[in-house]
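What follows is a single structure, written as structure tokens, with notes after it.
The values are calculated or read from the model by the stated rules, or taken from the named source; none is laboratory data. Because the structure is predicted, anything quoted here is derived from the model rather than measured. Every residue, glycine as well, gets a Cβ built from its backbone with ideal geometry; the counts of neighbours run over all protein chains shown. Note: areas computed on protein heavy atoms with side chains; ligands, DNA, RNA excluded. Shrake-Rupley method; radii C 1.70, N 1.55, O 1.52, S 1.80 Å.
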Amino acid sequence: MTYLEVLTDICSRVADPELDSYKERAKDHFLRAIMTIVEANAYTENDIKGYLKLKTDLVFSTNPYDASALKLFKILEIMPDPLVPNDFSAYLKEFSELNLMSQIAELQPKLTDVFIYQVGINIYAVYNTSASNFTVASDTFYMKYIEDIDGSAWTDSTDLTATPIFFNDSFIRRAIEIASKTLLDEVNL
């Protein structure tokens, strides 16, 4: 399904089948619909497979790790390199959980724990600094993440189901439904 087909479908639902008036607004609403689905975790990995990425050489040689080159939207999973013997585990944490850690000793990282969290473009490792099985400068992680979905380079002829995007047809249809409704609401204001 091409981007033009998507936009035509959305615009035809707001009485603009020729895309004379609402094409640019349809683009915004479609991208927002995609992000709404992703942020709500209402997708399968097959829906967005072109934006699922795996980094296999994440090392906290500096803490925080600057992830700006990854175009990181959201970390899904993180684990120590499964090909290297290690005696620690990685746990993905929300920033709000760290506040509780500072107040409750039982929640703080143990010898075998590394807590990972993301703030903006930075990824942080929190570990027991007095005694840890984790070596900051050399231990490697695998990280599965969603790359930022940026439609600014899509053209009318971009096939949203082909490489490198690979959206699932049913995912596109759900995003069209959402985008059509929000654009219709905007037009009817």
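Points to keep in mind about this one:
- With K and R counted +1 and D and E -1, the other residues having a Cβ less than 15 Å from that of Gln108 yield a net charge of -1.
- The stretch 92-189: relative contact order as a whole-number percent, Cα under 8 Å and 6+ apart: 15 percent
- Solvent-accessible area of Val84 with every protein chain in place, 1.4 Å probe, in Å² to the nearest 10: 80 Å²
- Heavy-atom accessible area for Ser157, with the other protein chains in place and a 1.4 Å probe, reaches approximately 90 Å².
- The residues of the stretch 144-189 have, on average, 53 Å² of accessible surface per residue, using a 1.4 Å probe with all protein chains present.
- Span-rule helices in the chain, defined as complete DSSP H runs reaching 20 Å or more along the axis (Cα) with Kyte mean at least -0.5: 23-39, 169-187
- Here the accessible area is traced with a 1.4 Å probe on the protein chains. For the chain, carbon and sulfur cover 53 percent of it.
- For the chain, share of DSSP beta bridges that run antiparallel, in % to the nearest 5: 85 percent
- Two-decimal Rg/Rh across the stretch 44-118, once Rg and the Kirkwood Rh are taken from alpha-carbon atoms: 0.99
- Ligands, DNA and RNA excluded, the heavy atoms of Tyr91 present near 100 Å² of accessible surface to a 1.4 Å solvent probe.
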